[in-house]
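Structure first, then comments.
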């Protein structure tokens, strides 16, 4: 295997450092500047300096501290140039200036003092409900995940300028609304945690079952959602639903290698080779689920979904799946978070536990729900039920309808094969 050139090796090391340190860096700078947009610019400036200096001087012993110190110095220089040290941030910035001038640039004794609160505050800021779901997802991947605009655009299959606009507008919205950089407390915290988890699961699901494009999965999005979820679980260990979401993502992601054939076509859950499921991820997910149960959070929405995923993970063969328990868990989920999607999945579970006719009875009321009129999985599931009941002509028509609705080419191929009686 060819060895990497020293410069390329250093560039890759810098990229890895950035992914690890971005949230801590931007969080600390936001606390100092009170402006997430300015903080990100300072962090990016420090990254550019690293790209210039580290290939010649070598990577510092404490690269995260070096980046923080460099960014702080640039912030102090900017404040001095703008002559704003007389404002209410003067004491903190004056101290930072003295600190920066008295210490070596690759070491900062205060770097980890408030890292937990800074990063957690950054997560809550990026996922603030004042922003649209698309904006929250892009901003979270940018600020917390450390992804470039190009990487986010490529992951979501949208033009790079679109992602750039979303991020710019999101930062402006936060600034104009004077959103405080803080970890919410009390009743507000519960609602805001929900917003954060919604964003992470949206990112994960877009990677797990891509809504558009040629690929069935985009694992980079799944990986990033799990990484941020694990960070959040460490920062907020007292939140059961955080652990519930991490458990759900870990268990679902364990199936990744078994979900796609060599030619890229999808493999449905009941047809997957379960020996290819990632047992490490399953064990981690089950451990997180046990944590949730021990905390008394077993009936939270994400915990219930994780429990459903665990039923599949524990079954060595599809035939061993406890569909009765899964149907019961979906009944609970329908009470906790009623939605058309939950009802659709509940119908599938009941069909597996009690027969296709039972599933069809639960499905029929959904046919007139406006939110599902363009949702391809509704006719796809109905087609499956009808096929099992021997109503083949009706089933083929439903599969064709579903194929016409989906924007994912791999899923369309699968549905058209089923319509032709090949799947």
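The values are calculated or read from the model by the stated rules, or taken from the named source; none is laboratory data. Computed from a predicted structure; not experimentally measured. All Cβ positions, glycine included, derive from the backbone under ideal geometry; neighbour counts span all protein chains shown.
Answer yes or no as to whether residue 42 is assigned to a helix (DSSP H, G or I), under 21 Å from residue 176 (Cβ atoms) and either at pLDDT 90 or above or out of contact with any helix residue (DSSP H, G or I) (no Cβ under 7 Å at 6 or more places or on another chain) (or both). Yes. Looking at this structure, is residue 386 crowded, with 19+ Cβ neighbours inside 10 Å, assigned to a helix (DSSP H, G or I), touching a helix residue (DSSP H, G or I) at 6+ places or on another chain (Cβ under 7 Å) and at pLDDT below 95? No. Where helices (runs of 4 or more DSSP H) fall entirely within region 131-176, those with at least 1 residues that are within 16 Å of the chain's Cα centre (by Cα) and at pLDDT below 85 are at 149-156.
All conditions but one from (1) modelled with pLDDT under 95; (2) within 28 Å of residue 240 (Cβ to Cβ) apply to residue 304; the one that does not is (1).
Here is a list: 383, 390. Which entry is without any contact (Cβ under 8 Å) to a residue 12 or more places away in the chain and farther than 29 Å from residue 298 by Cβ? If you could, list the steps in order and put the result at the bottom.
On the way: 383 fails: without any contact (Cβ under 8 Å) to a residue 12 or more places away in the chain.
Of 383, 390, the one residue that is without any contact (Cβ under 8 Å) to a residue 12 or more places away in the chain and farther than 29 Å from residue 298 by Cβ is 390.
Taking the options 298, 287, name whichever one is under 14 Å from residue 309 (Cα atoms) and in a loop (DSSP other than H, G, I, E, B).
Numbers: 287 fails: in a loop (DSSP other than H, G, I, E, B).
Being under 14 Å from residue 309 (Cα atoms) and in a loop (DSSP other than H, G, I, E, B) holds for just one of 298, 287, which is 298.
Every residue, every condition in (1) in contact with a helix residue (DSSP H, G or I) (Cβ under 8 Å, 6 or more places away or on another chain); (2) on the phi < 0 side of the Ramachandran plot; (3) surrounded by fewer than 20 Cβ atoms within 10 Å (Cβ to Cβ), yes or no:
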site: 274; (1), (2), (3): yes, yes, yes
site: 280; (1), (2), (3): no, yes, yes
site: 285; (1), (2), (3): yes, yes, no
site: 291; (1), (2), (3): yes, yes, yes
site: 294; (1), (2), (3): no, yes, yes
site: 304; (1), (2), (3): yes, yes, no
site: 312; (1), (2), (3): yes, yes, no
site: 327; (1), (2), (3): yes, yes, no
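Looking across region 218-253, the residues that are surrounded by fewer than 24 Cβ atoms within 10 Å (Cβ to Cβ) and over 14 Å from the mean Cα position of the chain (by Cα) come down to 234, 235, 236, 237, 238, 239, 240, 241. Within region 329-347, if we keep just the residues that are in contact with a helix residue (DSSP H, G or I) (Cβ under 9 Å, 6 or more places away or on another chain) and not in a helix (DSSP H, G or I), the residue that is nearest to residue 311 (Cα to Cα) turns out to be 337. Only residues that are modelled with pLDDT under 80, under 24 Å from residue 20 (Cα atoms) and surrounded by fewer than 15 Cβ atoms within 10 Å (Cβ to Cβ) were counted across region 48-107, and they come to 3.
Scanning for something over 27 Å from the mean Cα position of the chain (by Cα), over 28 Å from residue 206 (Cβ atoms), without any contact (Cβ under 8 Å) to a residue 60 or more places away in the chain and part of a helix (DSSP H, G or I), does region 348-355 turn up at least one residue? Full working, then the answer.
Here is the first cut: in region 348-355, the residues over 27 Å from the mean Cα position of the chain (by Cα) are 350-355.
Checking the rest, the ones that are also over 28 Å from residue 206 (Cβ atoms) come to 353-355.
Going one step further and asking which of them are without any contact (Cβ under 8 Å) to a residue 60 or more places away in the chain, we end up with 353-355.
With part of a helix (DSSP H, G or I) added as a condition, the list becomes 353-354.
For region 348-355, residues over 27 Å from the mean Cα position of the chain (by Cα), over 28 Å from residue 206 (Cβ atoms), without any contact (Cβ under 8 Å) to a residue 60 or more places away in the chain and part of a helix (DSSP H, G or I): present.
Every listed requirement among (1) under 20 Å from residue 251 (Cα atoms); (2) at pLDDT 85 or above is met by residue 193 save one, (1).
Yes or no, residue by residue, for (1) farther than 17 Å from residue 410 by Cα; (2) modelled with pLDDT under 85; (3) not in a helix (DSSP H, G or I):
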site	(1), (2), (3)
216	no, yes, yes
220	yes, yes, no
223	yes, no, no
227	yes, no, no
232	yes, no, no
241	yes, no, no
270	yes, no, no
283	yes, no, no
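For region 356-380, which positions are in a loop (DSSP other than H, G, I, E, B) and in contact (Cβ under 8 Å) with a residue 12 or more places away in the chain?
Within region 356-380, the subset in a loop (DSSP other than H, G, I, E, B) is 369, 373-376.
369, 374, 375, 376 - these are the residues of region 356-380 that are in a loop (DSSP other than H, G, I, E, B) and in contact (Cβ under 8 Å) with a residue 12 or more places away in the chain.
The test for being under 21 Å from residue 272 (Cα atoms), assigned to a helix (DSSP H, G or I) and without any contact (Cβ under 8 Å) to a residue 24 or more places away in the chain holds for residue 319.
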